Structure formats: C-alpha cells, structure tokens
Amino acid sequence: MRVPMIAGNWKMNTTVSEAVELVSEMRQGLDQIDNVDKVICPPFISLAAVKELIKGSSIKLGGQNIYFEEKGAYTGEISPLMLADLCEFVIIGHSERRQYFDETGEITNKKVRAALKVKLKPILCVGEKLEENEAGRTEEIVTGQLKASLAGLDYLNGLIIAYEPIWAIGTGKAATGEQANETIGLIRRNIAKLYGKRIAQDVRILYGGSVTAANATELINQPEIDGALVGGASLKAAEFLSIVKQTSEIRGR
Ligand code: PGA
C-alpha cells in the first residue's frame with residue numbers, strides 16, 4: 001500500500017516571518033490528519049525556523065532544489081548535505097528550474113544521485129509543455145525526462161515522482177483526473193520496464209498543476225495518483241488543509 005503524499009511547494013514566496021506565520025496557521029490542523037504524508041517545502045532561508053516550529057509534529061520538510069556537489073567554492077548554492085541536515089525531501093527538476101535556470105536532464109540526474117547519496121528523498125518532477133501535449137508527444141517527453149533523470153540509478157530508494165504538465169502549472173487549468181491518471185499510469189509502466197514490477201508498484205507518483213480544494217477529490221480518487229504537489233494553494237492554510245483532509249478521507253476508507 002502506497003501512503004499518499006501532499007507536498008506544498010511554496011516556490012519563491014514568503015519572508016521568514018511570513019513562513020513562520022503560515023506554518024503556525026496550519027500546524028495543528030495538519031498534525032491531526034492521518035493516512036497522508038504531509039510535506040511542506042518553504043524557501044531555504046525559512047527551513048530552520050519552520051523545522052523548529054514543526055518539531056514533534058507529523059509534518060515533514062522538503063527543500064525546493066539543491067546543487068549536486070557536496071561542498072566547495074560554489075557561491076550561493078546549497079549542498080545536499082546541508083539540506084539533509086534539515087529535510088527529508090527535496091524537489092528536483094521542477095519545470096521552472098528547467099525553464100528559467102537551464103536545468104537539463106543531465107543536471108537533474110546529478111542532483112537526484114547527490115540527494116540519494118545523503119538519504120534525501122527526491123521529488124522528481126516531469127511534465128510536457130502545451131505544444132508537446134497538443135502534438136501528442138506527452139509519452140515521448142515524459143519518458144525521455146524520466147530516463148535522463150534516472151540514468152545509472154539501480155534503485156529508487158524512496159524517490160517520489162511528480163507528474164506536472166507545464167500547461168497546468170499556475171494556470172488554473174488542471175489536468176482532469178482521467179488525463180493525469182493516464183499519464184501517471186504510463187510513468188508507472190515505464191518504471192516497471194526500468195526497475196521491475198515490484199518497484200513500480202511501490203513508487204509514489206504525485207500529480208501537480210493547479211491542484212486546489214475544488215479539484216483534489218477528483219484527482220486523488222484516481223487509482224494511479226498517489227497525492228499532489230501543490231503550488232499556489234499551499235500558500236493558503238485553509239485550502240492546503242482541505243486538500244490534505246480530502247486525501248486522508250479518500251485513502252483512509
Ligand atoms: P501550482 O504549482 O499548484 O501553483 O499550479 C504546482 C507546482 O509547480 O508544483
């Protein structure tokens with residue numbers, strides 16, 4: 001049985017004091033919800049303060065990125081080791097990083113390996129652009145991203161995959177449950193080809209892209225979807241709580 005996960009990607013939002021305020025608003029409510037892994041991914045500079053606040057609760061912490069080197073002269077970067085000290089998870093290969101920071105499959109692969117080496121669990125993002133979707137290239141693109149990011153890895157070791165169609169991110173136009181389920185099923189079949197059926201059955205695959213309290217149930221009800229990576233809606237305590245609660249109710253049945 002795969003434990004569902006709802007992860008909040010705060011992206012480049014909230015100052016440290018705003019992050020503290022937001023976590024304080026959702027801490028108690030989130031802590032009380034069972035059957036779901038609840039992860040929040042605030043900006044780097046808020047991680048230590050947030051970690052302190054969620055101490056003793058069931059809420060888990062993730063980073064939004066890492067550099068792949070362990071340490072050294074890389075001004076401005078955060079190493080896997082530094083993050084592993086604070087977090088259990090790290091988002092890798094988000095489409096915003098691929099698009100604005102030129103992250104290639106090769107870089108994503110290095111980051112995934114570097115994270116796993118220090119026992120950080122990557123939340124590896126894949127997803128196609130609108131024009132690729134319209135040209136019927138979703139399978140080719142997503143499979144290519146998966147293969148590039150996982151190249152040379154013999155095991156997944158707790159890695160999580162997030163299918164995030166780029167046309168759905170921040171647009172208010174989420175994939176339908178059926179669409180997301182279909183592509184996530186395809187991702188799982190690809191994982192089975194690469195790693196065998198057992199690992200494919202165990203790997204958690206989330207959907208991301210305009211998930212809200214209004215569409216969460218439709219998405220989570222799909223058999224292949226193991227949860228969500230939530231952007232905008234994770235910045236509103238009540239909305240994020242509602243998404244987590246709906247997930248718990250569906251999966252706890
Ligand atoms: P969104 O972002 O929920 O704001 O669409 C999702 C993501 O980018 O992870």
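For a quick check: sort Trp167, Trp10 by the number of other beta carbons within 10 angstrom, fewest at the front. Write down the numbers at each step before the final one.
Details: Trp167 19, Trp10 22.
Ascending number of Cβ neighbours within 10 Å: Trp167, Trp10.
My understanding is that a pair violates if its Cα-Cα distance is over 26 Å; which of Lys173/Lys236; Lys129/Lys245; Lys60/Lys236 do that in this structure? Could the numbers behind the result be given before it?
Values: Lys173/Lys236 18 Å; Lys129/Lys245 30 Å; Lys60/Lys236 18 Å.
Cα-Cα > 26 Å for Lys129/Lys245; rest within.
Springs between alpha-carbon pairs under 10 angstrom, Gaussian network model over the chain: which of Gly29, Gly185, Gly72 fluctuates most?
Comparing Gly29, Gly185, Gly72 in a Gaussian network model of the chain, the most mobile one is Gly72.
Within 10 Å of each residue's Cβ, count the other Cβ atoms and sort Ile225, Ile123 from fewest upward. If you can, show how the numbers build up before the last one.
Working: Ile225 23, Ile123 28.
Ordered by Cβ neighbours within 10 Å, fewest first: Ile225, Ile123.
Please state, as a whole number in µm²/s, the translational diffusion coefficient that the Stokes-Einstein equation yields for segment 66-140 at 25 °C and 0.890 mPa s, with Rh defined as the Kirkwood radius across alpha carbon pairs.
The estimated diffusion coefficient comes to 184 µm²/s.
Filter the GluC sites (Glu not before Pro) in segment 1-99 down to the DSSP loop ones having no more than 15 other Cβ atoms within 10 Å, then list what survives.
Glu69, Glu70, Glu77
What lysines sit close enough to Lys111 to cross-link, taking a C-alpha to C-alpha distance under 17 Å and skipping anything fewer than 8 places away on the same chain?
Correct list for Lys111: Lys71, Lys119, Lys121, Lys147.
Taking Cα pairs under 8 Å and at least six residues apart, what relative contact order does the chain come out at, in percent? Intermediate values should be presented prior to the final figure.
Values: 488 pairs, mean separation 54.0, N = 253.
This gives 21 percent for the chain.
Could you tell me the center-to-center distance, by alpha carbons, between segment 67-96 and segment 97-126 in angstrom?
Using only Cα atoms to place each centre, the spacing works out to 9 Å.
If I build a Gaussian network model for the chain, linking alpha-carbon pairs within less than 10 angstrom, which residue out of Pro223, Pro122, Pro80 has the largest mean-square fluctuation?
Pro223
Taking other Cβ within 10 Å of each residue's Cβ, how do Leu219, Leu22 sort, fewest first?
Numbers: Leu219 29, Leu22 23.
Ranked by crowding around the Cβ, least crowded first: Leu22, Leu219.
Can you list the trypsin sites (Lys or Arg not before Pro) in segment 1-90 that are in a DSSP coil and have 11 or fewer other beta carbons within 10 angstrom? If you can, show how the numbers build up before the last one.
On the way: sites: Arg2, Lys11, Arg27, Lys38, Lys51, Lys55, Lys60, Lys71; in loops: Arg2, Lys11, Lys55, Lys71.
Answer in residue order: Lys55, Lys71.
Taking the chain as a Gaussian network, where each spring joins two C-alpha atoms under 10 Å apart, which residue of Gly56, Gly144, Gly208 fluctuates the most?
It is Gly56.
What area, in nm² and to one decimal, does the C-alpha convex hull of the chain cast on average over all directions? Walk me through the numbers before you get to the answer.
Values: hull surface 50.3 nm².
It is 12.6 nm².
In whole Å, what are the Cα extents of segment 1-151 along the three principal axes, biggest one first?
Principal-axis extents of the Cα atoms in segment 1-151, largest first: 45, 39, 30 Å.
Under 12 Å Cα to Cα from Lys51, which aspartates and glutamates show up? Leave out anything in the same chain fewer than 8 places away.
By straight Cα distance, Lys51 reaches Asp85, Glu88.
Dividing the convex hull volume of the Cα atoms of segment 121-221 by its residue count, what figure in Å³ per residue is obtained? If you can, show how the numbers build up before the last one.
Working: hull volume 9.8 nm³, N = 101.
Spread over its residues, the Cα hull of segment 121-221 gives 97 Å³ apiece.
Each reported figure results from applying straightforward, stated rules to the coordinates on display, with no laboratory input. These figures come from a predicted structure and were not determined experimentally. Backbone-built Cβ (ideal geometry, glycine too); neighbour counts: all protein chains shown.
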